[in-house]
1. To the nearest 0.05, how large is the calculated FRET efficiency for Glu113 and Thr79 if R₀ is 30 Å and r is the Cβ-Cβ distance?
2. Rounded to the nearest 0.05, what FRET efficiency do Glu95 and His70 have when you use their Cβ-Cβ distance and R0 = 25 Å?
3. Which shape class, rounded, prolate or oblate, goes with region 90-155 when its Cα gyration tensor gives a ≥ b ≥ c as root eigenvalues, a/c under 1.5 marks rounded, and past that a/b bigger than b/c marks prolate?
4. Arg87 versus Asn201, label points 7 Å from Cα toward the beta carbon: distance in nm?
5. Taking the Cα centre of the chain as the origin, how large is its charge dipole in debye, to the nearest 20, when only Lys and Arg (+1) and Asp and Glu (-1) carry charge on their Cβ atoms?
6. How far apart, in nm, are two points set 7 Å out from the Cα along the Cα-to-Cβ line at His209 and at Met1?
7. Could you give the alpha-carbon Rg of region 39-141 over 2.2 N^0.38 Å, rounded to two decimals?
8. Determine, for Lys4, Lys86, the number of other Cβ atoms within 10 Å of each Cβ, and report the residues in order from fewest to most.
Amino acid sequence: MPPKKGHGLLMVYTDVPADVEEEFNRWYDEEHIPERLAIPGVLSAARYVALQGGPKHLACYELSEPEAWHSDAWQHHLTNPTEWSKRMSPGVVGEVYVRNLYRLIYPDDVPEETAQADMAPVMLVGRMSVPPALETEFNHAYNSERMPTCHAVPGYIRGRRFEAIMGEPKYITVHEMQSVQVSESPEWESWRTAVTPQWSNNVRPKMVHAPGSPGIYTRINP
């Protein structure tokens, strides 16, 4: 079966005025998502809405590689928008508009189980940065102390980390969950507040989250 997840991710975060939200949602669902799914290298896509944090609207595109965004097909749509896109795209109506393109950094590859997985029902998304001098220690602590222990939380599906090659902040963590209750569980709270040597003492005090991060998002389409 064709893969549904790869090494790239495009995340588009938007807040829009209430008076355009209904048409904005229709534009995304009826025109924009199908248009993007027809582009080679776009493996799957879904739209989410924030239950906590923000921005409110999140469109998530799983890519074979982040270079798919630079393809002629994708750039053609950007330079030749439809009339509806000229009115309703996030860059036009968004009061907050963040478009970040990412490359997978954890895990190192895409296991078959991940490659064939559908878009998650719920995602907890953390967008963060650290001082450049701390990046090596930050990545090591995240990958070795934090991420491996998530899977002990009931209802937790998988965790991935990405590095931005377009947009800020530089790092994103995507926790996929079966329901929002996972993020409210005692087990998740224990994981969130767990003290580990490198992470707790050296890294976490200097890590800065972007406004609205971490955000908890539930899937609204498909």
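Quick note: the coordinates plus some simple rules give every number you see, no bench work behind them. Model, not experiment: these values are computed from the prediction. Heads up, the Cβs are rebuilt from the backbone with ideal geometry, glycines too, and the neighbour counts pull from every protein chain shown.
1. Details: r = 37 Å, r/R0 = 1.25.
E(calc), rounded to 0.05, equals 0.20.
2. Numbers: r = 28 Å, r/R0 = 1.10.
My answer for the efficiency is 0.35.
3. On the way: a/c = 1.90, a/b = 1.17, b/c = 1.63.
Note, shape of region 90-155 comes out oblate.
4. Placing both labels 7 Å along Cα→Cβ, they lie 6.0 nm apart.
5. Details: 20 positive and 29 negative charges, 96 e Å.
It works out to roughly 460 debye.
6. Those two pseudo-labels are separated by 3.4 nm.
7. Working: Rg = 16.2 Å, N = 103, 2.2 N^0.38 = 12.8 Å.
That works out to 1.26 for region 39-141.
8. The fewest-first ordering by Cβ neighbours comes to Lys86, Lys4.
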